[in-house]
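Notes for the one structure printed next.
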């Protein structure tokens with residue numbers, strides 16, 4: 001009997017195997033630094049960035065922005081900030097009322113801000129184009145090296161030899177080493193954690209030989225993806241306001257927009273070489289350092305030098321990596337685990353430098369302009385939720401302030417359309433103004449988002465009363481719009497969503513879509529949660545909200561599968577309905593569990609999506625969405641299959657960016673979604689219990705209930 005005890009022990013132990021272990025000490029330095037980036041390939045998709053959430057600076061293989069043309073078709077050289085916007089002249093005084101399109105909605109006219117295109121009224125087309133493009137985020141200044149060969153010509157990227165570039169994630173410093181005609185060059189680049197400033201030190205004998213200088217060029221800010229244009233020098237101005245042997249202050253002006261640039265260049269000489277173009281000539285030593293700061297306001301103080309900036313940067317990054325959440329996959333034996341860990345670490349780095357500022361981020365962050373640099377509030381869920389889950393909720397709280405700033409705009413939109421409460425914009429800018437669109441203005445799935453964020457912050461707050469009082473107006477105004485938007489069909493005795501609307505699965509028709517499945521569940525959960533906020537604050541339930549919760553249309557089902565929407569019959573045999581976002585999966589996963597969702601039907605739907613979906617048409621956040629859905633109904637193996645699927649839009653580059661296509665070489669909602677999915681799978685113990693996924697984690701918060 002006793003000789004069988006070891007076998008019995010193994011059997012009993014296996015019954016209690018836990019795939020995720022919270023009670024461990026993670027070596028965070030080892031975890032982070034094993035994913036330091038080292039690259040020796042000249043590739044337009046391999047650029048690296050430094051930044052602080054409000055400002056980012058993207059560099060090429062030289063550690064600065066020496067060869068912008070080479071990278072212009074990949075991940076371009078960006079110098080962008082949250083304040084760096086430009087509004088072009090508007091001589092025709094275009095305004096939103098110029099692009100209203102009226103629809104008959106349940107017996108009354110409702111005006112939407114519409115994008116008119118070629119073939120429509122020419123004035124409306126021109127107004128649409130201007131309003132979409134303005135304001136636009138701009139490139140603030142190109143900073144690179146000018147290196148002269150022995151024959152007197154300037155080097156090209158083909159002249160660079162022996163290049164090795166390394167990003168130290170633990171310190172936030174990029175070190176770039178390369179050789180020009182046998183002479184080594186070393187460039188180290190950092191970004192100040194609190195100021196929009198980069199600092200660089202360069203070491204090379206080329207400096208002594210007067211063959212290496214720093215080139216600063218100021219472009220015209222444009223709505224184009226890279227945000228810059230050097231071919232129209234007469235459309236903007238650059239002035240030197242003050243200067244001495246150590247510092248030079250520039251004033252930049254384009255139309256009515258003004259900003260300042262200050263350069264610290266001790267003992268270096270600044271010379272103008274062309275309009276908006278300047279050279280810093282270092283003194284005769286073999287090393288030279290400089291700092292460059294960008295600001296919307298006049299810069300009165302002296303800049304910090306490289307050593308001080310480097311130390312501030314190091315301390316800031318060390319604090320980042322040693323606080324908040326951590327997930328370690330080093331004990332996992334599944335061959336996908338190491339790559340998943342790399343994506344998680346690099347996504348934390350990228351979302352901190354690109355997405356942790358005071359505004360909701362653009363989908364390409366502060367690197368280059370997608371949609372003119374504007375941000376999309378339906379994507380804020382994917383940009384912002386993970387910060388709260390990784391115990392960095394102060395970022396989400398900071399960005400929630402934006403909703404207070406645009407509250408009046410959102411209220412006016414609702415009022416203009418005949419609704420109560422606040423209708424939040426979709427494609428917008430710091431002012432909160434809506435942008436004309438054939439899709440965006442018809443979406444509704446961003447409407448409950450601020451309510452969701454408030455509940456997430458409440459769930460994880462120490463002082464819950466403070467959260468309730470701070471966000472109650474946002475929560476209740478959001479719910480007021482949601483309730484007034486819901487239309488009551490007195491004949492059928494139910495509440496209906498749409499038309500006119502486009503659901504999160506944007507391939508559907510705005511004039512025929514009714515009761516999209518994801519939006520139905522979000523409306524149900526959102527109104528129930530808003531009622532709970534009333535209870536927490538000692539208020540009586542809102543009768544209309546209660547009636548909608550009780551009588552909201554059921555989720556559309558056919559053949560044991562959830563439909564995209566009530567009007568999309570036979571969804572899974574129609575290629576049009578099997579493309580874009582498989583948002584059906586989000587009804588449980590993105591959203592908490594509700595009584596509306598049948599897990600068996602959702603499971604059948606996930607299986608059909610896996611087998612039939614057009615994966616080339618998806619987007620980066622679809623894969624973590626599918627993973628969270630599968631995990632939520634107990635399918636951990638399928639969750640990993642979705643999360644790590646070999647699909648065109650689920651590719652993560654060597655720098656950690658989620659590549660979509662040539663137009664969107666980076667896509668930060670994918671990075672944010674990945675972090676959200678991994679955090680939830682850890683806290684909810686949803687990794688496969690097959691012995692291959694022994695995941696260690698610490699300091700992660702709960703998802704909303």
Descending principal axes extents, region 82-233, alpha-carbon based, whole Å: 76, 39, 24
Rounded, prolate or oblate (a/c below 1.5 giving rounded, otherwise prolate when a/b exceeds b/c) for the chain by Cα gyration tensor: oblate
Net lengthening on full extension, residue 21/residue 41 (0.36 nm per residue, minus Cα-Cα): 3.4 nm
Crossing angle, helix 599-612 versus the chain [Cα axis fit, 0-90 degrees, rounded to tens]: 50 degrees
Angle in degrees between helix 449-459 and the longest Cα principal axis of the chain, rounded to the nearest 10: 90 degrees
Equivalent ellipsoid semi-axes, region 146-224, via Cα gyration tensor eigenvalues times 5, rooted, Å: 24, 19, 12
Helix 380-389 vs. the chain, principal-axis angle (Cα, 0 to 90°, nearest 10): 90 degrees
Counting DSSP beta bridges with both ends in the chain, the antiparallel % (nearest 5): 95 percent
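Would region 482-525 count as rounded, prolate or oblate if I go by the C-alpha gyration tensor, calling it rounded below 1.5 in a/c and otherwise prolate when a/b exceeds b/c, oblate otherwise?
Details: a/c = 2.15, a/b = 1.40, b/c = 1.54.
Since a/c reaches 1.5 but b/c is at least a/b, the shape of region 482-525 is classed as oblate.
Subtracting the Cα-Cα distance from 0.36 nm times the residue separation, let me have the gained length for residue 87 to residue 181 in nm, one decimal. Before the final figure, lay out each step's value.
Numbers: separation 94, 0.36 × 94 = 33.84 nm, distance 4.47 nm.
My answer for the length gained is 29.4 nm.
Calculate, in nm to one decimal, what residue 330 and residue 275 gain on full extension: separation in residues at 0.36 nm each, minus their alpha carbon distance. Before the final figure, lay out the partial values.
Values: separation 55, 0.36 × 55 = 19.80 nm, distance 5.39 nm.
Contour length minus Cα-Cα distance gives 14.4 nm.
What is the ratio of the Cα radius of gyration of region 579-705 to 2.2 N^0.38 Å, where N is its residue count, to two decimals? Could the numbers behind the result be given before it?
Details: Rg = 14.3 Å, N = 127, 2.2 N^0.38 = 13.9 Å.
Taking N as the residue count of region 579-705, the ratio is 1.03.
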Inter-label distance, nm, simple model (7 Å from Cα along the C-beta direction), residue 286/residue 97: 7.0 nm
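Could you tell me the calculated FRET efficiency between residue 512 and residue 689, based on Cβ-Cβ distance and R0 = 41 angstrom, to the nearest 0.05?
Plugging the Cβ-Cβ distance into 1/(1 + (r/R0)^6) gives 0.40.
Translational diffusion coefficient, Stokes-Einstein: compute it for region 29-98 using the Kirkwood radius over C-alpha pairs as Rh, at 4 °C and 1.567 mPa s, and state it as an integer in µm² s⁻¹. Let's see the in-between values first.
Working: Rh = 15.0 Å.
Stokes-Einstein gives a translational diffusion coefficient of 86 µm²/s.
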Region 668-705 residues near the modelled residue 464 label - backbone nitrogen below 17 Å, point 7 Å along Cα→Cβ: 701-705
Amide N proximity, region 263-284 versus residue 245 label position 7 Å along Cα-to-Cβ, cut-off under 19 Å: 263-271, 280-284
Two-decimal log10 I(q)/I(0) for region 241-399, as the Debye equation yields it once each C-alpha is a single scatterer, q = 0.09, 0.14 Å⁻¹: -0.48, -0.97
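Suppose we take every Cα in region 192-301 and form the convex hull; what volume per residue is that in Å³? Provide the component values of the computation, followed by the final result.
Values: hull volume 13.7 nm³, N = 110.
Per residue, the Cα convex hull of region 192-301 comes to 124 Å³.
No lab work stands behind these numbers, since they all come straight from the coordinates. The structure displayed is predicted, hence computed values, not measured ones. Cβ atoms come from the backbone with ideal geometry, glycine included; neighbour counts cover every protein chain shown.
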